[in-house]
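Q: Got a structure for you, written out below as structure tokens; questions coming shortly.
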């Protein structure tokens, strides 16, 4: 809302509920409380949830308008009063006829117009992030709609398709890194799809973002990862069906799987490396067979090049940081304790045992230090299970429970960082 409060403007205010774009949903109960403010008069409903729209209409007297063209008729059937339309910019007459028919109770005519517009709404405008496709369509019709504002760019004419390969359905660093950039890539006109295990946290998040998914199972019936050559054979058979221009392995382990696969179609294979970890010559050779290798830092690239990775194929692509979401606290918490925090998997390659021993030594030398560890172990390997158990035993054996805490998984990273002094990673 503009200004410093609800009464700081003389204009009516509109609430927009578009969870896929904003990443957050305004719950119906919250809207009910906001509706008590005089200046708030309508809701643009773009969540795609008829249940939530029904709750808003039941709890408030606000005018409800559809924010999704294809949901106009369903929402008007339960009390919505119109649409803030996208396709109305190129077929205003058809959209007007739909709304008029529904408002007059002529649902047979409204249904006819709904199905006439449905393909346009869901397919043409599904080419990329709004308003990229509609601006392209208006330009084709000779209607000036102005330039796109960055980070959006004009619709990609060749419509290149990128398919991302994700081994796990969990959402950790690598998955968050990918998710943070998908909408920006899509806004540049690329066709995207993500290969990942079905019915997982990752697949649910992709659905919320409107990103296409290709189900793929990397493990056998016992939960163990399939043998390397079996995975390569399965991928080699399915990759041509994806009709991808680029296949992007989203982790070091998947990069190793992808590299040697024989290609029967014209497609580029690329990999994304985030970990600094010793690799044997066979793994390095497999990764070096990719067309391009993206490393998250110069240190990561230099480390793997020193192990023999092809230097000419590698480049540095830094992870981005959302400065708004991860802004420092405006009111820092005053404390005599140096608050350390670790966020990541509880795995050997993270050298958490070294961190715990460092905290022990600091405390022995009189430092007032605390360490909170956020994360889980999701590897089922025996050595990984033993490593995690050893971490807990170390804390107990050295009586560090008052100082070191295993907090488990978190979805509140920004706030945790604001409450900490040092991030150890």
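Q: May I ask you to derive the relative contact order of the chain, considering only C-alpha pairs under 8 Å and at least 6 residues apart, and to give it as an integer percent?
A: In percent, rounded to a whole number, it is 8.
Q: Please report, largest first and rounded to whole Å, the three semi-axes of the ellipsoid equivalent to the stretch 338-423, where each semi-axis is the square root of five times an eigenvalue of the C-alpha gyration tensor.
A: 20, 18, 9
Q: Roughly how many whole Å is it from the C-alpha centroid of the stretch 188-247 to that of the stretch 281-351?
A: 23 Å
Q: Go from 0 up to the bin containing the longest alpha carbon distance in the stretch 161-316, width 5 Å each, and give me the % of pairs per bin.
A: 2, 9, 19, 22, 21, 17, 8, 2, 0
Q: Order by neighbour count: 315, 196, fewest other Cβ atoms within 10 Å first, most last.
A: 315, 196
Q: What FRET efficiency, computed as 1/(1 + (r/R0)^6) with R0 = 56 Å and r the Cβ-Cβ distance, is obtained for residue 236 and residue 109, rounded to the nearest 0.05?
A: That gives a FRET efficiency of 0.60.
Q: Right, something else. Using R₀ = 25 Å, calculate the FRET efficiency as 1/(1 + (r/R₀)^6) where r is the Cβ-Cβ separation of residue 29 and residue 63; round to 0.05.
A: Once the sixth-power term is evaluated, E becomes 0.85.
Q: Could you line up 187, 221 from fewest to most neighbouring Cβ atoms inside 10 Å?
A: Ordered from fewest to most neighbouring Cβ atoms within 10 Å, 187, 221 come out as 221, 187.
Q: Can you give me the distance in nm between label points at residue 96 and residue 204, each placed 7 Å from the Cα along the Cα-to-Cβ direction?
A: 4.4 nm
Q: Another question, then. To check my understanding: the extent here is largest minus smallest coordinate of the Cα atoms along each principal axis. What are those three numbers for the chain, in Å, largest first?
A: 75, 60, 42
Q: Order of 323, 98 from fewest to most other C-beta atoms within 10 Å?
A: With the sparsest Cβ surroundings first, the list reads 323, 98.
Q: Mean 1/r over all different Cα pairs, inverted: what Kirkwood radius does the stretch 302-380 give, in Å?
A: The answer is 16.6 Å.
Q: In addition: For a bin width of 5 Å, list the pair-distance distribution of the stretch 13-126 built from all Cα-Cα distances, rounded to whole %.
A: 2, 12, 23, 23, 19, 12, 7, 1
Q: Could you work out [θ]222 nm for the chain from helices alone, using -39500 (n - 2.57) per DSSP H run of at least four and dividing by all its residues? Round to the nearest 500 deg cm²/dmol.
A: The helix-only estimate for the chain comes to -11000 deg cm²/dmol at 222 nm.
Each reported figure results from applying straightforward, stated rules to the coordinates on display, with no laboratory input. Note that the structure is predicted; figures quoted are calculated from it, not measured. Virtual Cβ from ideal backbone geometry, glycine too; neighbours counted across all protein chains shown.
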